[in-house]
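Trainee: Here you go, one structure.
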Amino acid sequence: MTDTALHPDAESAATPAAAGPPPGLPVLAVDLVADPGLLGRLAELAPDLERAGLGAVTISDGGLHPVHVASFLAPLTRTLGLLPRTDAVYVEPFHLATQLMSLDHVSHGRAGWLLAAETDPAAAAAVGRTVLGLEATAREAADVLEAARLVWDSWAPDAVVRDAARGVYVDASRLQYADVEAETFSLRGPSITPRSPQGLLPVLVADTDRRAVGERVATELADGRALDIDVSGGAHPARIAEVVEAALAGVDGPAVRLVRLVGLDLEADPLGTVGALITTLRERHLIAPAPEGRGERGADGAPSAIAPGDAPSAGQPGGAKSAGQPGGATSAGVSGDALSAGGRAPGASVPSLRERLGLSPAQHAPDPERRADRARRTDLTDQTREESA
């Protein structure tokens, strides 16, 4: 009698299991244009794309600010990654950083930044600046990205204490200044928004923006590449699969984290088109699997970003004073101290966008010399007195 006969499970155990998708595959995304006339259509389409298995949407400027439209779509979806494609140059870096943090809060860790660098003279004129050359544009884009990350990391995960008895909302020793002196701007911080679920949002560069943002941002500073595929002339699954396969096989350049469909015809059959592409690309193990929990709805039939009971209560006492930090700060959604190290709300089953893009959880990098309560610290105070003497 063979071992297989003695152990019926041995044969199935010996048979190789069907190979699953390899880790680190890119997420499939559709680019949506933030046109005021399409807002109602986008509100219907985004949840439908999510239920079809799409991993993310990028949002390009079409009259409405991409961050605002992404924030509008956040509570209408549960698993869909939301990456506004927005300028890093003709903006106020501090406010851009905190806007993206707020998006991460309201989406419960599904926000990313598709970093662009505007080269249109009208964008510069709108904020009273002269348009920069390509080299200067690339330098400023790099400076803004580095400054944004310092702002995002200016609150430690345990900074919010909510001590109602003492009237203290935040422990200022767990905050730190950004202290940026760049070529064209300066920034101090800390953020006015508590640490967001992911800590550091994933930052990608689309192929169409690579030249403007410069090689340093695209290859050194950003977290990866968004592979642009134009489907305005029709989406042919086999051809697109070949393009994605070739890009993934490349050994040089930044990792492909996102496959971005640009020019999708919203008046035809966008769900049918995207569905066919998802089927082909997933069958060939070219894109990441769909996250679990997509398309779930609440008791009222509306999509919910976090299943009932998953999202922790904001519970932020109004008007609480911070310890050693002028002005308290509140934020919609989940505060950073309520998040686990992996960037998820307690009990939430939806992975963060960082996780889905194959990025490790962002770790807080404390810097004692940038602490927000440094004026109160004995060692620095004594040093200042000695220097004055």
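Trainee: For residue 280, what charge total do you get from the other residues with a beta carbon under 13 Å from its beta carbon, if Lys and Arg give +1 and Asp and Glu give -1?
Mentor: Spelling it out: positives minus negatives among the neighbours equals 0.
Trainee: Further question on the same structure: Please arrange 364, 108, 95, 285 by counting, for each residue, the other beta carbons lying within 10 Å of its beta carbon, fewest first.
Mentor: By the 10 Å Cβ count, ascending: 95, 285, 364, 108.
Trainee: In a shell of Cβ-Cβ distance under 14 Å around residue 102, excluding residue 102 itself, what net charge do Lys and Arg (+1) and Asp and Glu (-1) give?
Mentor: +1
Trainee: Another one. If you take every residue apart from residue 124 with its C-beta less than 12 Å away from the C-beta of residue 124, what net charge results, scoring Lys and Arg +1 and Asp and Glu -1?
Mentor: -3
Trainee: May I ask you to evaluate 6.51 cos²θ - 1.76 cosθ + 1.60, the Karplus curve with θ = phi - 60°, for each residue of the range 26-40 and list the ³J(HN,Hα) values in order in whole Hz, giving x for glycine and proline?
Mentor: x, 8, 7, 9, 10, 8, 10, 9, 7, 8, x, x, 9, 4, x
Trainee: If we count other beta carbons within 10 Å of each Cβ, what is the order of 139, 239, fewest first?
Mentor: Fewest-to-most Cβ neighbours within 10 Å comes out as 239, 139.
Trainee: Shape call for the range 96-201 from the C-alpha gyration tensor, a ≥ b ≥ c root eigenvalues: rounded (a/c under 1.5), prolate (a/b greater than b/c) or oblate?
Mentor: prolate
Trainee: Right, here's the next one. Measuring from label point to label point, each 7 Å out along Cα→Cβ, what is the residue 211 to residue 279 span in nm?
Mentor: Result for the modelled spin labels: 3.8 nm.
Trainee: Another question, if that's okay. Using a 10 Å cut-off around each Cβ, can you sort 196, 71, 360 from fewest to most neighbouring Cβ atoms?
Mentor: Listed from fewest to most nearby Cβ atoms, that is 360, 71, 196.
Trainee: To the nearest 0.05, how large is the calculated FRET efficiency for residue 245 and residue 48 if R₀ is 25 Å and r is the Cβ-Cβ distance?
Mentor: So, using R0 = 25 Å, E works out to roughly 0.35.
Trainee: Ranked from highest to lowest mean number of other Cβ atoms within 10 Å per residue, what is the order of the peptides 351-357, 121-127?
Mentor: 351-357, 121-127
Trainee: Enumerate the calculated ³J(HN,Hα) couplings along the range 239-248 in order (Karplus 6.51 cos²θ - 1.76 cosθ + 1.60, θ = phi - 60°), each rounded to whole Hz, writing x wherever the residue is Gly or Pro.
Mentor: Once rounded to whole Hz, the list reads 5, 5, 4, 5, 5, 5, 4, 5, 5, 6.
Trainee: If you stretched the chain out fully between residue 369 and residue 271, how much longer would it get, using 0.36 nm times the residue separation minus the C-alpha to C-alpha distance?
Mentor: 30.1 nm
Trainee: Okay, next question. Hey, for a label at residue 39 modelled as a point 7 Å past Cα toward Cβ, could you say which residues of the range 66-102 have their backbone N under 16 Å away?
Mentor: Flagged as within label range: 66-76.
Trainee: Continuing with the same structure: If you keep only loop residues by DSSP, which GluC sites (Glu not before Pro) in the range 201-289 have at most 12 other Cβ atoms within 10 Å of their Cβ?
Mentor: Loop-located and lightly packed - 267.
Coordinate-derived values only; no laboratory data. Quantities reported herein were computed from a predicted structural model and do not represent experimental measurements. Cβ: placed from backbone, ideal geometry, glycine included. Neighbour counts: every protein chain shown.
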